[in-house]
């Protein structure tokens, strides 16, 4: 069940990060992906053209409005704040109608399926939009 209040969401997110920091890589990614798929879904909230105005992770949790792009952003924020050595080189991409998180060396794909992380090579390399983990870290205040 998704936490109803902002303090509950902050606590749950901190628990997720602490748990994921000590788990094996694949298990950590599954936990992060599953947690972010519990959010209350909304068709549209964020847009790629406004990426410079995207909320930081705390504002994202406070707003509590999650389109597929916002969910992907939350996943990448979580990975970025954990700052594990084996979770570097991650990026959020727009590929067709999907907003996917590729981690590490594009071996895993998150924000595609609720039940599992995907371990495949994504299709075409011509992504419509992308933001890498290092750029996103600069947006975290």
request  = Would you check if there is a residue in the stretch 18-30 being under 18 Å from residue 99 (Cα atoms) and in a helix (DSSP H, G or I)?
outcome  = yes
task = Identify all residues within the stretch 96-109 that are assigned to a strand (DSSP E or B) and farther than 25 Å from residue 58 by Cβ; write none if there are none.
result = 98, 108, 109
ask   = Taking only pairs six or more apart or across chains, which ones have beta-carbon atoms under 6 Å, a first residue in the stretch 130-141 that is at negative phi and crowded, with 17+ Cβ neighbours inside 10 Å, and a second residue that is at pLDDT 85 or above and part of a helix (DSSP H, G or I)?
value = 133/80; 136/76; 136/80
task = Working only within the stretch 14-36, note down all residues that are closer than 22 Å to residue 112 by Cβ, in contact (Cβ under 8 Å) with a residue 60 or more places away in the chain and in contact with a helix residue (DSSP H, G or I) (Cβ under 6 Å, 6 or more places away or on another chain).
result = 16, 17, 20, 32, 36
note = All-but-one check, residue 112 against (1) buried (at least 18 other Cβ atoms within 10 Å of the Cβ); (2) touching a residue at least 60 places away in the same chain (Cβ under 8 Å); (3) assigned to a loop (DSSP other than H, G, I, E, B), failing number (2)
message = For the condition in contact with a strand residue (DSSP E or B) (Cβ under 7 Å, 6 or more places away or on another chain) and either over 20 Å from residue 130 (Cβ atoms) or not in a helix (DSSP H, G or I) (or both), what is the one hit in 75, 79, 39?
response = 39
ask   = Just a yes or no: is a residue in the stretch 82-95 assigned to a helix (DSSP H, G or I), touching a residue at least 24 places away in the same chain (Cβ under 8 Å) and surrounded by 15 or more Cβ atoms within 10 Å (Cβ to Cβ)?
value = yes
query = In the stretch 43-67, which residues are in a helix (DSSP H, G or I), touching a residue at least 40 places away in the same chain (Cβ under 8 Å) and either touching a helix residue (DSSP H, G or I) at 6+ places or on another chain (Cβ under 6 Å) or over 24 Å from residue 21 (Cα atoms) (or both)?
reply = 48, 51, 57, 61, 62
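The values are calculated or read from the model by the stated rules, or taken from the named source; none is laboratory data. What you see is a predicted model; the values in this text were computed from it and never measured. Methodologically, a virtual Cβ is constructed for each residue, glycine included, from the backbone with ideal geometry; neighbour enumeration extends over all protein chains shown.
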